[in-house]
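The values are calculated or read from the model by the stated rules, or taken from the named source; none is laboratory data. Since we're looking at a predicted model, the values are computed, not measured. Neighbour counts are summed over all protein chains in view; Cβ atoms, including those assigned to glycine, are modelled from backbone coordinates with ideal geometry. Note: accessible area is taken over every heavy atom of the protein model, side chains too, but ligands, DNA and RNA are not part of it. Shrake-Rupley method; radii C 1.70, N 1.55, O 1.52, S 1.80 Å.
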Amino acid sequence: MRLIVGLSGASGIMYGIRMLEVLHDLDIETDLVMTSMATKMVEIETNRSCEQVKGLATRCHNNNDFTSVLASGGYRSMGMVVLPCSMKTLAGIACGFADNLLLRAADCTLKERRTLVLVPRETPLNVIQLKNMLTLAESGVTILPAAPGFYHRPKNLDDLVDHIVGKTLDIFGLDHHLYRRWRQDF
Ligand SMILES: Cc1cc2nc3c(=O)[nH]c(=O)nc-3n(C[C@H](O)[C@H](O)[C@H](O)COP(=O)(O)O)c2cc1C
């Protein structure tokens, strides 16, 4: 069981960090690729170092290294998640413009018909961004906006982050207790 995790330079880098922690606890291997702006967001939005974040993954890949296994569709995985997903990275995937490893890995995930989940974070959205999302959705990509719900009565920020991470795990059919499902207290 192996999942490719891409972190890009949108706000909400905590979503990606929490995803790595949860996948580790679930014994799912992770292949992490971070853009340079994602590393900057770790600095801006958290008290963690980039090395600490990378330490949560099973394997880390350099975003400029096209010789990485992630650049090949032959590298088997359950699929890929990009969280948070910037509008720039989302546009790159929508256009097939794979000029970094994260984009190439997403390209490969799509061409191999594996599950690809993008967790975009931007507001408000312009028409180009919405069209890119539609293009991706029509190609089988799951667009899962970083828009946590409140019906599970979150008590803190961690609960909000866990809601989005949990919803993402749901797409991959992975069992978890990160949020309380509506009227399913059993
Ligand atoms: C503080 C800060 C917050 C940002 N938040 C977002 C965001 O929420 N969504 C987004 O699409 N871009 C955001 N950006 C802009 C991206 O970092 C920028 O477009 C960058 O080129 C993305 O590169 P990447 O996709 O290769 O990581 C933010 C930048 C900064 C400095």
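In this structure residue 97 has an accessible area near 130 Å², from a 1.4 Å probe over the protein heavy atoms. Within a straight-line Cα-Cα reach of under 25 Å, residue 54 can be paired with the following lysines, leaving aside sequence neighbours fewer than 8 residues apart in one chain: 40, 88, 167.
How much of residue 176 can a 1.4 Å solvent probe reach, expressed as accessible area in Å² and rounded to 10? Around 20 Å² of this residue is reachable by solvent.
Could you tell me which residue out of 64, 161, 28 lies farthest along the dipole of the chain toward its positive end? Charges go on the beta carbon: Lys and Arg +1, Asp and Glu -1, centred on the Cα centre. Going by the charge dipole, the pick is 161. The amide H of residue 86, built 1.01 Å from its N in the peptide plane, has 8, 9, 10 as neighbours under 5 Å, considering only residues 5 or more places off or on other chains.
Find out how many positive minus negative residues lie around residue 75, taking Lys and Arg as positive, Asp and Glu as negative, among other residues whose Cβ is under 15 Å from that of residue 75.
Values: positive: 2, 59, 76, 104, 111, 113, 114; negative: 29, 31, 65, 107, 112.
In short, +2.
Rounded to the nearest Hz, the phi-derived 3J(HN,Hα) couplings of region 150-159 under the Karplus curve 6.51 cos²θ - 1.76 cosθ + 1.60 (θ = phi - 60°) are 10, 5, 8, 6, x, 9, 7, 4, 4, 5, where x marks glycine and proline. The sum of -39500 (n - 2.57) across all DSSP H runs of n ≥ 4, divided by the residue count of the chain, sets its helix-only mean residue ellipticity at 222 nm to -12000 deg cm²/dmol. With a cut-off of 15 Å between beta carbons, the residues surrounding residue 2 carry a summed charge of -1, where Lys and Arg count +1 and Asp and Glu -1. Once Rg and the Kirkwood radius are both taken over the C-alpha atoms of region 2-171, their ratio Rg/Rh works out to 0.93. Annotation: aspartates and glutamates with alpha-carbon distance below 15 angstrom to residue 131 (same-chain offsets under eight excluded): 122.
Note on surface exposure: 99, 162, 25 rank 25, 99, 162 by accessible area, highest first, 1.4 Å probe.
Running a GNM on the chain with Cα contacts under 10 Å, which residue among 38, 137, 106 ends up with the highest mean-square fluctuation? Greatest mean-square fluctuation among the candidates belongs to 137.
For residue 111, the aspartates and glutamates whose Cα comes closer than 17 Å to its Cα, not counting residues fewer than 8 places off in the same chain, are 99, 138. Each Cα pair under 8 Å and six or more residues apart adds its separation to the average, and for region 2-171 the resulting relative contact order is 24 percent.
Across the protein chains, with a 1.4 Å probe defining accessible surface, the residues 102, 130 rank 130, 102 from largest area downward.
The phi-based Karplus calculation (6.51 cos²θ - 1.76 cosθ + 1.60; θ = phi - 60°) puts the 3J(HN,Hα) values of region 42-51 at 4, 5, 6, 9, 9, 9, 9, 8, 5, 5 Hz, whole numbers, x for Gly and Pro.
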